[in-house]
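The structure appears below as structure tokens.
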Amino acid sequence: MSLKKAPAVNSAQGPAIKRIAMQEFLNPKTRKEGKSPQGGREAAGAASPQPARAPDQLEVFDSAIKLFHAKRFQEARERFLVSMRGDDRGISHKSELHVRMCDRRLEEQAVVVYTADEHYDYAIPLINERKLPAARQHLMKSLEDQPEADHIYYALALCDGLSGDIPGACENLKRAIEIQPRNRFAARQDADFAGIANQPPLDRLLFPEKARGPY
């Protein structure tokens with residue numbers, strides 16, 4: 001039995017068919033630009049996403065200031081600590097100052113006092129720490145409920161004297177002595193009064209025997 005020969009294939013058509021088949025895998029844009037799919041993948045791999053830029057020192061400081069003015073002191077403090085570590089010394093110094101301010105605000109928020117005795121008891125350590133404006137506020141609150149308490153006037157005199165208000169110190173100490181005369185001797189012996197006791201008119205109040213005229 002004779003075998004039929006397979007129809008001859010035109011060798012010239014083979015490469016043309018392969019080229020057409022390859023073009024089916026190329027998108028129109030790739031064919032138009034003459035790029036291969038492999039080249040596109042390489043280009044995509046090269047365009048890797050860039051890491052996000054860290055906020056600079058000034059941005060962190062500005063955001064902390066906004067939190068501070070909003071009275072969100074704990075959050076503000078944390079950001080001021082971050083801005084302290086920047087290269088700008090001016091911003092670092094301001095951040096450090098604001099950290100201390102936040103600490104004071106947070107300390108004030110943590111304290112809740114109600115009675116006259118509580119205000120007085122809280123004011124005395126503040127005087128010892130030389131936090132005089134805050135101490136005076138508590139003493140005045142205490143005096144509202146106990147207007148004839150000589151120990152409160154005595155503490156106010158000391159607070160005013162250490163603040164540099166000698167006339168105010170003299171006025172409050174005079175009232176303390178009027179209510180309880182032994183406060184004169186107590187002030188003479190008080191080491192905290194030592195630095196201001198010889199300043200007029202306080203000296204004439206504490207040492208009337210040395211006075212040559214009315215104080």
By how many nm would the segment from GLU129 to HIS69 lengthen if fully extended, with 0.36 nm per residue of separation less the alpha-carbon distance?
19.0 nm
About the Cα centre, charge dipole magnitude for the range 116-210 (Lys/Arg +1, Asp/Glu -1 at Cβ), debye:
380 debye
Residue (of ALA116, ALA155, ALA194) at the positive-pole extreme of the range 116-210, dipole from beta-carbon charges:
ALA194
Place a +1 charge on the Cβ of each Lys and Arg in the range 57-110 and a -1 charge on the Cβ of each Asp and Glu, then give the dipole magnitude about the Cα centre in debye, rounded to the nearest 20.
140 debye
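Coordinate-derived values only; no laboratory data. Computed from a predicted model, the values in this text were never measured in an experiment. Positions of Cβ are backbone-derived with ideal geometry, glycine not excepted, and every protein chain shown enters the neighbour counts.
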